[in-house]
Amino acid sequence: MSTESILMRCATVAISGFGSIATAADLTTTARSSDTPAVAELQEVVVTATRRATLLEETSVAITAFSGGALDRQHIEDLSNIATVAPSLVFTSLSRQESYPSIRGTSVGNDAPGSDLGVTVFIDDVPTTGVGDNDPNLFDLQGIEVLRGPQGTLFGRNSTGGALVIHTLQPDFTPHEKAELSYGNHNLVEGRGYVTGPLIDSQLAGKMTFDIRRQDGILHNKFLNTTTESTSLWGTRGQLLWTPSEDFRVLFGFDYSRDTSPYKVQELIGNFQPAIFPPLSYGPSDTEQGITSRGNAQSSGGLVRADYTVPFGTLTSITGYRHADARDFFSTSADPFNEILQNYHVGADQITEEIHLASPIGQQLDWVAGLFFLNSQREGLKVYSLNVQPDTLVANFQDPYTALQFNANDLQHVHTRSYALFGEANYSFVKSWKLTLGARLTKEDKAGHSEKNDTSGLSPDLAATYSHSWNAFTPKATLSFLPNKRFLAYATVASGFKSGGFDTSATSNEGLATPFRQEKVLSYEFGIKLSSPEDGVVINAAGYYAKYKDLQVQEFQNLQYITANAGVANIPGAELEALLNPLSWLTFSANYSYMNAKYTHYVQGDGSVFTGNQIPFDAKYHYTLGADAHFASPQFAPGKVALGFDLTYQGKKYFENENNDYAFITDRTRIHGLANVHASWTSADESWEVLLWGNNVTDHRYIVNATELTAFYANIPEFLAADAGGSPINRMYVGQWNTPRMFGISVTYKH
């Protein structure tokens with residue numbers, strides 16, 4: 001059996017946790033000698049960042065990997081929890097239906113169909129459609145890989161900052177099943193599990209999974225005297241694995257999820273009491289909106305992956321289909337008078353095809369080359385109902401709000417085609433040195449139409465049809481030094497590309513039809529990986545310098561956000577991850593990231609200068625410390641007990657390019673000791689597990705997102721009020737806080 005075949009088999013069962021949620025349960029025990037105490041040996045981690053199975057510590061890419069077992073032990077169910085403990089990853093979740101991932105300073109974009117994100121989420125190597133489809137429920141997983149830095153060669157489209165790669169468990173020819181039942185605070189009830197096994201001996205195996213979750217509301221609507229932001233969702237996944245021969249295997253899969261949880265419950269965050277409003281509450285567990293939000297989001301997908309092995313390599317075809325449909329009703333302004341209500345529909349249908357040929361690994365020269373195609377239809381419809389209060393600032397000075405009560409419609413439909421040719425080769429010119437060269441040639445076409453109208457009588461009706469193409473060549477070069485299995489050093493120069501697009505916030509037909517420019521990044525990275533599994537030590541470190549040109553950003557002009565291009569952003573940073581296993585029963589973990597994400601040159605379209613400002617949503621530093629212990633349980637309950645925790649800290653963030661968010665906002669974006677804990681008992685035969693888990697047990701609350709809407713709340717004197725130095729003193733924001741303390745118990749049966 002080839003080295004690649006061995007690694008592929010390992011990858012299906014042995015991707016182990018790394019990073020702050022890696023635990024001692026991911027370790028195996030070995031004895032170094034007869035007179036040396038047994039020391040837990042860190043498992044070798046298998047990743048797929050090079051489109052083939054390779055060992056993490058021998059892969060010249062900055063990666064944080066999480067095993068499915070580690071995710072289960074911490075009861076992590078969405079990517080927001082991953083971002084809390086992963087270096088350089090920001091996951092801004094306004095709701096489960098609207099989330100924005102960012103890695104190493106990529107900007108947080110908007111939800112318009114004509115724009116894209118700088119980080120793509122892949123499920124079983126199939127890219128998701130973006131907003132509405134990029135925050136899957138994390139169950140039935142083999143593992144998650146966070147790839148940091150441009151992945152413009154092998155992953156390509158919209159990966160200027162990196163990629164989030166999710167691998168599900170594949171069907172197994174050994175029959176087994178798993179069932180888990182959880183109960184937690186706010187009446188959380190969840191059931192999930194899977195069954196897998198052979199359907200035709202050695203030729204066809206199948207797997208079915210399910211996940212059902214419901215929870216009472218976690219926010220108090222003080223105006224309506226109700227609770228809101230509840231959870232109600234379910235999902236399923238089915239797969240068939242056909243292996244007619246040792247050289248040929250085909251994986252068929254589908255997934256479906258439905259989420260009817262209330263969407264995007266906004267909260268007020270202010271420092272004054274507006275005179276024209278009733279008494280308002282600004283607490284992190286309160287909302288004052290005059291309506292109850294509604295949501296109905298569905299996502300689904302299909303997959304056919306075929307791998308055919310021949311003497312000179314493996315030919316792989318990955319055909320994917322993704323569908324997303326979300327229909328939601330919520331309050332944008334979060335106030336009792338319902339000044340801004342929004343009905344929103346986002347839909348997407350996407351077909352992708354990738355064909356690549358990869359040589360066997362472990363040779364002096366190995367390579368992978370392929371073709372990629374994407375065909376996507378995305379649409380977004382926003383219907384606003386406005387009830388602007390007469391004495392507010394915006395009602396007196398800003399058209400069309402002077403009409404006070406009116407409806408507005410914003411529709412965009414965009415058809416995207418993306419074509420790519422890619423390849424990467426590794427050449428070991430001497431035993432310890434390897435040179436990697438790769439490139440991707442991409443052509444992307446976007447065509448669509450936008451329509452805008454309102455009933456105010458003060459704004460013209462707009463309609464525009466448009467199309468544009470973008471091309472990019474994104475090369476990569478890496479020099480690696482691997483003198484032995486314990487040490488790797490590498491230096492990489494890599495580029496990335498995100499196509500331009502079309503915004504929906506223009507005020508003219510010409511503006512709707514004018515595309516914003518493509519975004520490019522050139523990244524320099526140096527990294528080292530030091531691993532001594534038998535001694536229980538793993539250290540990964542990376543330093544990088546990313547140079548963005550035409551970074552796509554959100555600008556706030558004339559009381560609305562538009563997509564535009566910043567001039568230049570140079571982002572230096574450093575990352576460190578470490579695991580230490582000093583005793584057979586104890587593991588320490590730590591990670592740290594520093595990111596000086598600032599605009600090097602940025603003059604906004606209205607002349608505002610933001611050069612030197614911190615890029616919104618990015619914090620300068622982030623670090624997590626953790627520990628895990630495991631030991632034999634008492635004789636009356638034979639088995640194993642495991643205990644663990646992690647503690648997270650993070651610097652402040654801004655939400656506006658101006659960096660002028662008030663201190664009562666920025667001070668509350670810091671994370672000061674957010675703690676997650678878990679304790680479990682596993683039976684001796686490993687068929688039963690009882691898990692006690694707590695996420696954010698310190699109940700540390702911080703602001704995830706905030707947008708200033710003072711003009712909709714303050715009258716003219718309140719808005720103009722200033723301190724002795726002339727600085728305004730009254731400001732009102734709407735936004736979201738992080739999830740409060742969650743805890744519960746999970747009972748799992750495996751057979």
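Could you check how much of the accessible area of segment 338-443 is carbon and sulfur, as a whole percent, using a 1.4 Å probe? Carbon-and-sulfur percentage of accessible area, whole number: 59. Surface calculation, 1.4 Å probe, protein heavy atoms: LYS452 sits at approximately 40 Å² accessible.
Relative contact order for segment 203-362: what is it in percent, counting Cα pairs under 8 Å that are at least 6 residues apart? Working shown, then result.
On the way: 414 pairs, mean separation 31.9, N = 160.
Once divided by the residue count of segment 203-362, the mean separation gives 20 percent.
Mind putting a number on the dipole of the chain about its Cα centre? Charges go on the C-beta only, +1 for Lys and Arg and -1 for Asp and Glu, and I need it in Debye to the nearest 20.
On the way: 52 positive and 78 negative charges, 251 e Å.
Using only the charged Cβ atoms, the result is roughly 1200 debye.
Extension gain, SER469 to HIS176, is 100.5 nm, computed as 0.36 nm per intervening residue step minus the present C-alpha separation. Averaging the Cα positions of each part gives two centres, and for segment 523-600 and segment 374-407 these lie 38 Å apart.
Taking all protein chains as shown and a probe of 1.4 angstrom, LYS498 keeps an accessible surface of around 10 Å². Nonpolar atom fraction for segment 601-712, defined as the carbon and sulfur part of the 1.4 Å probe accessible area, stands at 59 percent. When only alpha carbons are used to place a centre, segment 50-108 and segment 160-190 end up 15 Å from one another.
Note down the Stokes-Einstein diffusion coefficient of segment 361-476 in µm²/s, whole number, using a Kirkwood radius over alpha carbon pairs, 10 °C, and 1.306 mPa s. Estimated diffusion coefficient is 84 µm²/s. Relative to a virtual label point 7 Å from the Cα of ASP391 in the Cα→beta-carbon direction, which members of segment 259-276 show backbone nitrogen distances below 18 Å? Only 272-276 pass the distance filter. Contact order, relative form, for segment 464-623: 15 percent (alpha carbon pairs under 8 Å, 6 or more residues apart, mean separation divided by residue count). The stretch between HIS601 and SER432 holds 56.7 nm of extra length on full extension. This uses 0.36 nm per residue minus the Cα-Cα distance.
Among the lysines, which fall within straight-line cross-link reach of LYS207, defined as a Cα-Cα distance under 19 Å, with same-chain neighbours fewer than 8 residues apart omitted? Qualifying lysines at Cα under 19 Å: LYS178, LYS750. Treating the Cα atoms of segment 181-239 as identical point scatterers in vacuum, please give the log10 of the normalised Debye intensity I(q)/I(0) at q = 0.12, 0.21, 0.27, 0.31 Å⁻¹, two decimals. Scattering profile of segment 181-239, log10 relative to I(0): -0.47, -0.82, -1.01, -1.14.
Summing Cβ point charges (Lys, Arg +1; Asp, Glu -1) relative to the Cα centre of segment 240-397 gives a dipole of roughly 200 debye. Within the accessible surface of segment 183-297, defined with a 1.4 Å probe on protein heavy atoms only, the carbon and sulfur portion equals 58 percent. Measuring with a 1.4 angstrom probe and ignoring ligands and nucleic acids, GLU451 comes out at about 80 Å² accessible.
Accessible surface for the chain, divided over its residues, is 38 Å² per residue with a 1.4 Å probe. A straight Cα-to-Cα reach below 23 Å connects LYS431 with the lysines LYS476, LYS485, LYS529, residues fewer than 8 places away in its own chain not being considered. Per-residue ellipticity at 222 nm, computed for the chain from helices alone with -39500 (n - 2.57) per DSSP H run of at least four residues, works out to -1500 deg cm²/dmol.
A straight line joining the Cα centroids of segment 292-318 and segment 196-213 runs 17 Å.
Under the criterion of Cα pairs below 8 Å and six or more residues apart, the relative contact order for segment 581-736 equals 16 percent. The dipole here belongs to segment 90-179: it is taken about the Cα centre, uses +1 on the Cβ of Lys and Arg and -1 on the Cβ of Asp and Glu, and is about 340 debye. The calculated FRET efficiency for THR402 paired with PHE254, based on their beta-carbon distance and R0 = 51 Å, is about 0.50. With all protein chains in place and ligands, DNA and RNA left out, the 1.4 Å accessible area ranks ILE276, ILE615 as ILE276, ILE615, largest first.
Over all other residues within a Cβ to Cβ distance under 12 Å of PRO113, the charged ones net out to -3, with Lys and Arg as +1 and Asp and Glu as -1.
The values are calculated or read from the model by the stated rules, or taken from the named source; none is laboratory data. Bear in mind the structure is a predicted one, so any value in this text is a computation, not a measurement. Quick reminder, even Gly has a Cβ in these numbers, built from the backbone with ideal geometry, and neighbours come from all protein chains shown. Only protein heavy atoms, including side chains, enter the accessible area calculation; ligands, DNA and RNA are left aside. Shrake-Rupley method; radii C 1.70, N 1.55, O 1.52, S 1.80 Å.
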